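A short write-up of the structure that comes next.
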Amino acid sequence: MAQNNKEQNDYKLTYYNTISSRTVEWLWYPYIPYGKITILQGDPGEGKSTMMLQLAALITAGKAMPDGSGDKVPGNVIYQAAEDGIEDTIKPRLLAAGADCGRIAFLENEENPITLDDERLEQAIKDTQAKLLVIDPLQAYLGIDNDMQRSNSTRSVFGRLAKVAERTGCAVVLIGHMNKSSRSKGIYRGLGSIDIAAVARSILLVGRDSSNPYYRIMVQIKNNLAPEGKAFVFELNPDLGFSWIGQEEHEMEDLLFQRSKGESKLDKAKEYLKLLLNGSDMPCADILEKMRATGIGTRTVEQAKKDMGIISYKLGDKWYWRLSEE
């Protein structure tokens, strides 16, 4: 009788005692996990693509990650770049980084454009046994029928890509550019639907160090699999080129805006909110916790939210904040 009901209701029930546990493996702990999606975001020109090409070079050459971690076994990489020229930009950067270009490939897409939910991506990962897939930038691979602001469309596309990462064990990094709103200078549009950030297990933000024009700081603003990693610094020097500096104690306020002695906590709270929300919506509780860690109280944050016209909405049992384009 139970079996008949099961077939009639058309569902499959699985008990957790039949599932084997497994630990998360990392390409670069705790920033980029294998078999999951990582988002790397920031303003154009801040070095996101250059940083990822440097990481790709380390993988293909069998070298350790910038902090000395990693398996140090040469691996293959698929790097899909839609904005930078393959011959005059990507290849020279790879050579400068010491990459084994025989281990890094891309899918040509002139006649039949590649999209995030393209079956050819999974097949290419399997054929090359790629450790890393980079999509740069993700906006260029959504396809003409997909709208990043439509939740249903986004959830379907990114859900399928997450399954590809899980099935292949490949680390997938999506590079997202932030675009300044035409309505208000300094306010940033996010990447789109909350589902984009929801499917990512790690979100990294790259920005300029306000105290050094050549330094870039990569901070982790989300990690569902491990404690958030420390900020990692690299240098983009026009004369000396790229170099890894290392982990340093940086706060979010060290990114993208110049600190001043006379800056009020309210001003700082507004700048923090721009940084935290320029890539995706974020739970209110997480925002307040990050603010408290830097000495900014709830009342100040609430005032900043009001002044900036930040939108709040409830999803499930959590309240989220969204940066207004106004």
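The values are calculated or read from the model by the stated rules, or taken from the named source; none is laboratory data. Not measured: the values here are computed from a predicted model. Note that each Cβ is placed from the backbone with ideal geometry, even for glycine, and that neighbours are counted across all protein chains shown. Side chains included, ligands, DNA and RNA excluded: accessible areas come from the protein's heavy atoms. Shrake-Rupley method; radii C 1.70, N 1.55, O 1.52, S 1.80 Å.
When ligands, DNA and RNA are left out and all protein chains stay put, how many square angstrom of accessible area per residue does region 43-128 have with a 1.4 Å probe?
Numbers: 4310 Å² over 86 residues.
Ligands and nucleic acids excluded, the figure is 50 Å² per residue.
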Whole-Hz ³J(HN,Hα) from phi, Karplus 6.51 cos²θ - 1.76 cosθ + 1.60, for region 206-220, glycine and proline x: 10, x, 7, 7, 5, 9, 8, x, 9, 8, 10, 10, 9, 10, 9
Report the one residue of Y320, M308, T298 whose Cα lies farthest in the direction of the positive end of the charge dipole of region 277-326 (charges on C-beta: Lys and Arg +1, Asp and Glu -1; origin at the Cα centre). T298
Round to a whole number: what % of the accessible area of region 1-132 belongs to carbon and sulfur, probe 1.4 Å? 46
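Against the 2.2 N^0.38 Å scaling, with N counting residues, where does region 58-144 land? I'd like the Cα-based Rg ratio to two decimal places.
Values: Rg = 13.6 Å, N = 87, 2.2 N^0.38 = 12.0 Å.
Cα Rg divided by the expected 2.2 N^0.38 Å: 1.13.
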Around S202 (Cβ within 10 Å, Cβ-to-Cβ, excluding S202; K/R +1, D/E -1) the net charge comes to +2
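For a distance above 17 Å, tell me the whole-number percent of Cα pairs in region 1-100 that qualify. If you can, show how the numbers build up before the last one.
On the way: 3224 of 4950 pairs.
Here the long-distance tail beyond 17 Å is 65 percent of all Cα pairs in region 1-100.
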Based only on Cα atoms, what Rg/Rh ratio does region 7-163 have, Rh being taken as Kirkwood's radius? 1.01
Report Rg (one decimal) and Dmax (nearest whole number) for region 80-131, counting Cα atoms only, units Å. 12.2, 32
